[in-house]
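> This is the structure I have questions about; it appears just below.
The values are calculated or read from the model by the stated rules, or taken from the named source; none is laboratory data. Note that the coordinates shown come from a computational prediction; the quantities given were computed from them, not determined experimentally. Don't worry about glycine lacking a Cβ; one is built from the backbone with ideal geometry, like all the others, and counts go over all protein chains shown. Areas reflect the complete protein model, heavy atoms only, side chains present, ligands, DNA and RNA absent. Shrake-Rupley method; radii C 1.70, N 1.55, O 1.52, S 1.80 Å.
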Amino acid sequence: IASSLPPMTQKAAAAAESTTAMRKDNNIYNQTATPDETPILIKNKLAEFELALDDVGDKEKRCYLMAKEKGPDECNDAHKLIFLRCEVFEVDRAVARFVKYWEARVAVFGEDKAFLPLAVDGALKDDMESIEVDYLQVANKTDPDGRAILLFDFNKEGEDLSSESLLRVVWYQAHVALTQESCQQRGVVLYVRCVDRFTDWRPSLSKKIAAAARGILPIRLAGIHFMQPPSYITLILAVVRPVMGKKLRNRFYHHSGSVDDLLKSLSKFGLGDMDMLPTMFGGELTSCL
């Protein structure tokens with residue numbers, strides 16, 4: 001039957017078949033396995049989290065203490081559980097990330113907004129223009145294993161928007177993705193469209209985003225897929241890789257060519273269907289906004 005299909009259809013069918021096979025392996029990015037979550041495990045780990053947090057000096061956790069006073073709903077047990085899931089329930093690592101997170105959140109949003117909900121009617125109320133240019137979007141579906149899919153369009157760095165505002169949008173969209181429990185547990189994958197003009201790229205902003213992804217935001221970054229990368233991608237990666245650390249920089253993947261070529265390449269990661277390929281690259285995947 002396959003031989004009677006047009007060449008493009010044959011390739012798409014083969015990619016889809018490969019994707020189906022990959023769905024049988026829910027650890028295609030070699031992530032640390034997550035434990036079976038039970039009410040007892042969560043209760044005990046949250047208790048351990050509080051004990052470890054108590055051991056952190058007040059000066060070091062100053063921003064968290066401010067959040068606890070000014071925005072307690074933003075740092076409750078549900079919020080702390082996200083950090084535990086991010087670090088696969090390794091309590092000390094989760095607490096360290098949590099403390100860094102609050103220090104960074106205050107730096108990014110300022111004390112007047114850091115303790116508000118990260119929402120368009122809260123801390124992002126002055127960043128609607130940056131949100132609407134679709135610099136970073138959350139896809140309308142997850143990958144086959146429940147990871148959130150984020151669509152990063154660095155080409156939008158050519159817009160007349162401040163780097164500070166674009167960074168706040170990254171934080172916001174990361175938290176939109178984290179509203180999905182499967183994302184908290186399994187993590188996210190990124191599709192990246194690079195800048196068309198090298199002069200539009202903002203290296204300092206990329207460094208701040210990379211630093212946030214590595215040890216601040218409570219996200220498990222499974223893989224970064226650079227789509228149709230330009231010839232100068234090596235220059236961009238030379239800046240980003242050192243900030244990402246060894247573990248994450250080994251999760252960079254490049255995909256080039258026709259739509260069929262892209263699907264075939266992405267099928268290794270369970271993304272070889274048209275509805276898993278963003279519309280900006282010729283597929284059918286859209287954002288949830």
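> On a 0 to 90° scale, report how tilted helix 91-109 is relative to the longest principal axis of the chain, with both axes built from alpha carbons and the result rounded to the nearest 10.
The answer is roughly 90 degrees.
> Rounded, prolate or oblate for region 123-259? Axes are the square roots of the Cα gyration tensor eigenvalues, ordered a ≥ b ≥ c, and the cut-off for rounded is a/c under 1.5. Don't skip to the answer; put the middle values down first.
Values: a/c = 1.38, a/b = 1.07, b/c = 1.29.
Rounded is the answer for region 123-259, as its axis ratio a/c remains below 1.5.
> Further question: When a/c is below 1.5 the answer is rounded, else prolate if a/b is larger than b/c, else oblate, so apply that to region 151-205 with a ≥ b ≥ c taken from the square roots of the Cα gyration tensor eigenvalues.
Since a/c reaches 1.5 and a/b is larger than b/c, the shape of region 151-205 is classed as prolate.
> To continue, here is another question. Compute the acute angle (0 to 90°) between the alpha-carbon long axis of helix 163-177 and the principal axis of greatest extent of the alpha-carbon atoms of the chain; round to the nearest 10°.
80
> I want to check the label-to-label distance for E48 and E111. Put each point 7 Å from Cα in the C-beta direction and report it in nm to one decimal.
In this crude label model, E48 to E111 measures out at 3.5 nm.
> Round to the nearest 10 and report in Å² the accessible area of E74, as given by a 1.4 Å probe over the protein chains' heavy atoms.
Number for this one is 40 Å².
> Still on this model: Rank-order 38-50, 208-220 by packing density, defined as the average count of other C-beta atoms within 10 Å over each peptide's residues, highest first.
Those peptides, ordered most packed to least, come out 208-220, 38-50.
> Right, next: With labels modelled as points extended 7 Å from the Cα through the Cβ direction, what inter-label distance (nm, one decimal) is found for K247 paired with A33?
Label-label distance for K247 and A33, simple model: 1.7 nm.
> List, in order, the whole-Hz ³J(HN,Hα) value for each residue of region 217-233 obtained from phi through the Karplus relation with A = 6.51, B = -1.76, C = 1.60 and θ = phi - 60°; use x for Gly and Pro.
Residue by residue, region 217-233 yields 5, x, 10, 8, 7, 7, x, 10, 9, 7, 9, 6, x, x, 5, 8, 4 Hz.
> Considering only protein heavy atoms and a probe of 1.4 Å, how much of the accessible area of the chain is carbon and sulfur, as a whole percent?
52
> Could you rank K70, K59 by how accessible they are, 1.4 Å probe, largest area first?
K59, K70
> Right, next: Report the full-extension gain for the segment T179 to K68: residue separation times 0.36 nm, less the Cα-Cα distance, to one decimal in nm.
37.9 nm
> Here's another thing I want to ask about it. Which of these, S265, S182, S162, has the largest mean-square fluctuation under a Gaussian network model of the chain (Cα springs below 10 Å)?
Per the Cα network of the chain with a 10 Å cutoff, S162 tops the list.
> Taking the solvent-accessible surface of protein heavy atoms with a 1.4 Å probe, what is the per residue accessible area of the chain in Å²?
Numbers: 13650 Å² over 289 residues.
With the other protein chains kept in place, the chain gives 47 Å² per residue.
> Measure nothing fancy, just the Cα-based angle from helix 7-22's long axis to the longest principal axis of the chain, in degrees from 0 to 90, nearest 10.
Computed tilt is about 40 degrees.
> Report, in deg cm²/dmol and to the nearest 500, the calculated mean residue ellipticity at 222 nm for the chain, where each DSSP H run with n ≥ 4 adds -39500 (n - 2.57) and the sum is divided by the residue count. Please list the in-between numbers first.
On the way: 11 runs with 134 residues, N = 289.
Mean residue ellipticity at 222 nm (helix-derived): -14500 deg cm²/dmol.
> Given a cut-off of under 8 Å on Cα pairs at least six residues apart, what relative contact order in percent is computed for region 139-264?
Once normalised by length, the contact order is 26 percent.
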